[in-house]
Amino acid sequence: MSDSPFAGPPRSPQHKQCFECGAVLNLVDKSCWMCHAEQPLLGKLISATPIPPPMTANPWAKNGVIWLGIVVAVIVCYGVLRAGDYVLASVFLVFAVPTLAIVMLGSAVSRAAGRPWGTGTKVGVAAGTMLTTVIVCIVAAAVSVLVLFAMFIAMIQDCFRMLGGN
Ligand SMILES: [Zn+2]
């Protein structure tokens with residue numbers, strides 16, 4: 001965790017690239033040191049923060065978050081098992097399994113597509129899945145309560161009909 005993602009300072013000032021041969025030139029160079037082609041004033045600017053540094057810095061942060069998630073999941077799992085509460089255990093499973101499955105499946109699919117998910121995306125998807133599961137659970141609970149209530153009403157009506165028939 002000691003490695004900051006922003007640890008790489010812009011160690012070199014801005015450079016530009018020769019539009020002929022691609023050699024790296026200083027911003028003020030008027031001609032290429034390699035092919036001697038005359039350079040436009042700004043040329044192709046090479047940004048001071050290219051893409052590789054975040055890519056090499058990220059795995060530490062990403063692994064940290066993933067390990068933190070695993071540790072939290074193990075602790076929660078252990079707590080649920082210790083509690084011996086089957087309702088709690090099934091609720092935990094209902095929430096954890098779809099979330100894990102969707103995050104793992106989604107990141108595998110996007111990695112195969114060449115655009116792997118960042119940690120933020122994974123956390124976002126996990127939160128979204130969790131939220132969806134909560135909503136689905138609430139809706140399912142509401143529907144089942146309504147269905148049970150309707151069955152109960154129907155049963156009572158049947159009882160009254162039977163009583164009335166006799
Ligand atoms: Zn050149």
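When 19, 92 are arranged by Cβ crowding within 10 Å, least crowded first, meaning fewest neighbours, the order is 19, 92.
Treating r as the C-beta distance of residue 138 and residue 110 and R0 as 41 Å, the FRET efficiency rounds to 0.90.
Between amide H atoms placed 1.01 Å from N, distances below 5 Å from residue 15 occur with 46, all of them 5 or more places distant or on a separate chain.
Once the C-beta distance of residue 154 and residue 91 is scaled by a Förster radius of 22 Å, the resulting FRET efficiency is 0.15 to the nearest 0.05.
Each value in this text was obtained by applying a stated rule to the coordinates, not by laboratory testing. Predicted, not measured: the structure shown is a model, and the values here were computed from it. When we count neighbours, we look across all protein chains shown, and the Cβ atoms used for this are built from the backbone with ideal geometry, even at glycine.
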